[in-house]
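Engineer: The structure's right below; bear with me while I get my questions together.
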Amino acid sequence: MAKYRSIQTSFWSDSKIVDDFTPEDRYFYLYLLTNEKSNQLGCYELSIKQICRETGYYEETVKKLINRFQNDLEVLYYVLYLLLLLNQLHLIL
C-alpha cells in the first residue's frame with residue numbers, strides 16, 4: 001500500500017515559516033515531513049548519510065541544518081539516528 005503525506009497550503013503563509021525559515025530551511029523541513037521514513041508521530045530513524053543521498057546536500061550542510069532546526073528554530077530533536085519533529089501542524093493526517 002502506498003504511503004502519502006499531504007501538506008496544508010497554509011504552510012507557505014505560516015508566520016514561523018515566513019519569518020524564521022530560509023528557503024533552504026523550507027526545503028529541508030518539507031523533506032523531513034514527507035520522506036519515506038516519516039510517520040504520523042514524527043519520530044523515526046534516519047541517518048545523516050540517507051538525508052544527504054535523498055536531498056543532495058553535503059554532510060556538512062545537513063549537520064548545520066539539523067543544528068539550526070534543533071537549537072535555533074526548535075522544531076527538531078536529533079540524537080544518533082533518531083529524529084523527532086516537534087511540530088507537524090502542516091500535515092493533513
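The values are calculated or read from the model by the stated rules, or taken from the named source; none is laboratory data. Predicted, not measured: the structure shown is a model, and the values here were computed from it. In this analysis, Cβ positions are derived from the backbone assuming ideal geometry, glycine residues included, and neighbour counts consider all displayed protein chains. Side chains are part of the model used for accessible areas, which takes the heavy atoms of the whole protein and leaves out ligands, DNA and RNA. Shrake-Rupley method; radii C 1.70, N 1.55, O 1.52, S 1.80 Å.
Engineer: Six or more apart or on different chains, Cβ atoms under 8 Å: show the pairs whose first residue is in the range 55-66 and over 15 Å from residue 23 (Cβ atoms) and whose second is surrounded by fewer than 13 Cβ atoms within 10 Å (Cβ to Cβ) and among the basic types (Lys, Arg).
Structural biologist: 59/49
Engineer: In the range 53-72, is there at least one residue being closer than 21 Å to residue 14 by Cα, surrounded by fewer than 15 Cβ atoms within 10 Å (Cβ to Cβ) and modelled with pLDDT of 85 or more?
Structural biologist: yes
Engineer: Of the conditions (1) open to solvent by less than 60 Å² (accessible area, probe 1.4 Å); (2) free of Cβ contacts under 8 Å to residues at least 40 places away in the same chain, residue 41 satisfies every one except a single condition; which number is it?
Structural biologist: For residue 41, the failing item is (1).
Engineer: Condition first: basic (Lys, Arg) and assigned to a loop (DSSP other than H, G, I, E, B). Can you find one or more residues in the range 34-54 that meet it?
Structural biologist: Yes, the range 34-54 contains a residue that is basic (Lys, Arg) and assigned to a loop (DSSP other than H, G, I, E, B).
Engineer: Out of (1) over 19 Å from residue 72 (Cα atoms); (2) assigned to a helix (DSSP H, G or I); (3) of a type outside the set (Ser, Thr, Tyr), what's the single condition that is false for residue 24?
Structural biologist: Single failed check for residue 24: (1).
Engineer: Would you please name the residue that is surrounded by the most Cβ atoms within 10 Å (Cβ to Cβ), looking only at residues in the range 17-36 that are without any contact (Cβ under 8 Å) to a residue 40 or more places away in the chain and charged (D, E, K, R)?
Structural biologist: Step by step, filter the range 17-36, then rank; the result is 26.
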